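J.: Below: one structure in C-alpha cells.
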Amino acid sequence: DWKIYHKARFVIADDVGLGKTLSMAAAAVVLSILSDRPVLILAPATLTWQWQDEIWDMLGVPSAVWSSTDKQWIDHKGFPLTQKGDREQVARCPMRIGIVSTGLITNGDDEGERGMLARKSFGVLIFDEGHKARATRRGESLEPEAYNELMKFMRKVVAASDSVIVGTATPIQLRAVELWDLVSMIAQGAGHVLGLSPSPWAHPDSIEY
C-alpha cells in the first residue's frame, strides 16, 4: 500500500496474451507521478522495441531503448538521443522511461553497463519475464543456495527502488518455491511484503506448498 509504506510491489502472473505489458506500462506511468526518479523497464532483447511501441501507441508516452550494440539511447521514432559508443550514458537516460535488455544484465559485468545500472535507484522498476531470475538449491532443500545474475541484480536494485512490478506468465517452472523466490525478490527493501521474522512467509521452508 503506497499510502502506508510509500513502496508498491506487484507480481503480475496473467497468462500469455492477457495484456501484462499494457497493465505494467500503465501502472508505471501512474506510479512515476509519485516519484521524481527515473523508470527502468527490463525486458528480453526481442521485446524491448515492442515495449516501446506499446507505451507510445497505447498510452502516448515516449520512452528510450538502450541499444546494446551502438551503446546509445534510441527514441520511439528511431532517432538516437545520445552519442554512439558512450556506454556511460546507460545510467543517464534522457527520457523518464528507459528500456534495457535483460541480456545486458545476464551477459554484462559489474564494471560495465550492468554495474552502472546497479548503482542507480529508480522510482519505478519493471521486470518482464521475471521467471528468468532464478535461485538454485541443493537437493530437496527450499533454502536458496545461489542466485543467477538476473536475480542478484534484481535483489540489489529492487532494494533501492520505490515501486517494483514483475511480469511473468510462468511464475512456477519446476517447483512451487519459485514463486516464493519472486516474492522474496520484490520484498527487498520492503519488509511489509513478506513480513518480518517470525512471519511464516519470511522463509521458504516454513510454508506448506
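The values are calculated or read from the model by the stated rules, or taken from the named source; none is laboratory data. Since we're looking at a predicted model, the values are computed, not measured. Glycine also receives a Cβ, built like all others from the backbone with ideal geometry; neighbour counts cover every protein chain displayed. Surface accessibility is based on the protein's heavy atoms, side chains included, excluding ligands, DNA and RNA. Shrake-Rupley method; radii C 1.70, N 1.55, O 1.52, S 1.80 Å.
J.: Identify, please: which residue in segment 93-112 is surrounded by fewer than 15 Cβ atoms within 10 Å (Cβ to Cβ) and out of contact with any helix residue (DSSP H, G or I) (no Cβ under 9 Å at 6 or more places or on another chain) and is, among those, nearest to ASP36 (Cα to Cα)?
T.: PRO94
J.: Looking at THR69, THR102, THR106, THR48 in this structure, which one is without any contact (Cβ under 8 Å) to a residue 24 or more places away in the chain and not acidic (Asp, Glu)?
T.: After ruling out the rest, the residue left standing is THR69.
J.: Follow-up. Could you grab me the full set of residues in segment 183-200 that are more than 11 Å from the chain's Cα centre (by Cα) and crowded, with 16+ Cβ neighbours inside 10 Å? Working first, answer last.
T.: We begin by selecting, within segment 183-200, every residue more than 11 Å from the chain's Cα centre (by Cα); these are 183-184, 187-200.
Answer for segment 183-200, where residues must be more than 11 Å from the chain's Cα centre (by Cα) and crowded, with 16+ Cβ neighbours inside 10 Å: VAL183, SER184, ALA187, GLN188, GLY189, ALA190, VAL193, LEU194.
J.: Quick one: ASP128 ticks every box in (1) open to solvent by less than 30 Å² (accessible area, probe 1.4 Å); (2) of a type outside the set (A, V, I, L, M); (3) over 9 Å from the mean Cα position of the chain (by Cα) bar one, so which box is it?
T.: (3)
J.: Specify which of the listed residues (VAL166, VAL157) is in contact with a Gly (Cβ under 6 Å, 6 or more places away or on another chain), aliphatic (A, V, I, L, M) and at pLDDT 95 or above. Show your work before the answer.
T.: Details: VAL157 fails: in contact with a Gly (Cβ under 6 Å, 6 or more places away or on another chain).
So the residue among VAL166, VAL157 that is in contact with a Gly (Cβ under 6 Å, 6 or more places away or on another chain), aliphatic (A, V, I, L, M) and at pLDDT 95 or above is VAL166.
J.: Could you count how many residues in segment 72-117 are of a type outside the set (Ser, Thr, Tyr) and within 22 Å of VAL166 (Cα to Cα)? Walk me through it before giving the result.
T.: Narrowing segment 72-117 to residues of a type outside the set (Ser, Thr, Tyr): 72-81, 83-100, 103-105, 107-117.
Next cut, within 22 Å of VAL166 (Cα to Cα) only: 90-91, 93, 95-100, 103-105, 107-108, 113-117.
The qualifying residues number 19.
J.: Out of GLY123, GLY115, report the one residue that is in contact (Cβ under 8 Å) with a residue 12 or more places away in the chain, surrounded by fewer than 22 Cβ atoms within 10 Å (Cβ to Cβ) and under 23 Å from GLU88 (Cβ atoms).
T.: Working: GLY115 fails: in contact (Cβ under 8 Å) with a residue 12 or more places away in the chain.
So the residue among GLY123, GLY115 that is in contact (Cβ under 8 Å) with a residue 12 or more places away in the chain, surrounded by fewer than 22 Cβ atoms within 10 Å (Cβ to Cβ) and under 23 Å from GLU88 (Cβ atoms) is GLY123.
J.: Another one. May I ask you to list the residues in segment 134-176 that are of a type in the set (Phe, Trp, Tyr) and closer than 28 Å to ALA26 by Cα? Talk me through it step by step, then tell me what you get.
T.: To start, the set of residues in segment 134-176 that are of a type in the set (Phe, Trp, Tyr) comprises 147, 153.
Selection gives PHE153 alone.
J.: Out of LEU81, LEU59, which single residue is modelled with pLDDT of 95 or more and open to solvent by 50 Å² or more (accessible area, probe 1.4 Å)?
T.: Working: LEU59 fails: modelled with pLDDT of 95 or more.
Answer to the selection: LEU81.
J.: A further question follows. When you check SER184 against the structure, is it without any contact (Cβ under 8 Å) to a residue 60 or more places away in the chain and among the hydroxyl-bearing types (Ser, Thr, Tyr), yes or no?
T.: Values: without any contact (Cβ under 8 Å) to a residue 60 or more places away in the chain: yes; among the hydroxyl-bearing types (Ser, Thr, Tyr): yes.
Taking the combined requirement at face value, the residue satisfies it.
J.: Further, regarding this structure: Only one of these is at pLDDT below 95, among the acidic types (Asp, Glu) and under 18 Å from TRP180 (Cβ atoms): GLU88, GLU140. Name it. Even if it seems obvious, please write down each step before you answer.
T.: Values: GLU88 fails: under 18 Å from TRP180 (Cβ atoms).
So the residue among GLU88, GLU140 that is at pLDDT below 95, among the acidic types (Asp, Glu) and under 18 Å from TRP180 (Cβ atoms) is GLU140.
J.: So which helices (runs of 4 or more DSSP H) stay within segment 64-161 end to end and still have 3 or more residues that are charged (D, E, K, R)?
T.: Numbers: elements: 102-107, 113-118, 149-159.
Qualifying helices (runs of 4 or more DSSP H): 149-159.
J.: On to the next question. For segment 27-45, give me the residue count where each residue is part of a helix (DSSP H, G or I) and within 22 Å of VAL11 (Cβ to Cβ). Full working, then the answer.
T.: Start the filter on segment 27-45 by keeping residues that are part of a helix (DSSP H, G or I), which leaves 27-32, 45.
Then drop every residue that is not within 22 Å of VAL11 (Cβ to Cβ), which leaves 27-32.
Selection size over segment 27-45: 6.
J.: If ALA135 passes every condition in (1) buried (at least 19 other Cβ atoms within 10 Å of the Cβ); (2) out of contact with any Gly (no Cβ under 7 Å at 6 or more places or on another chain); (3) modelled with pLDDT of 95 or more but one, which one does it miss?
T.: (3)
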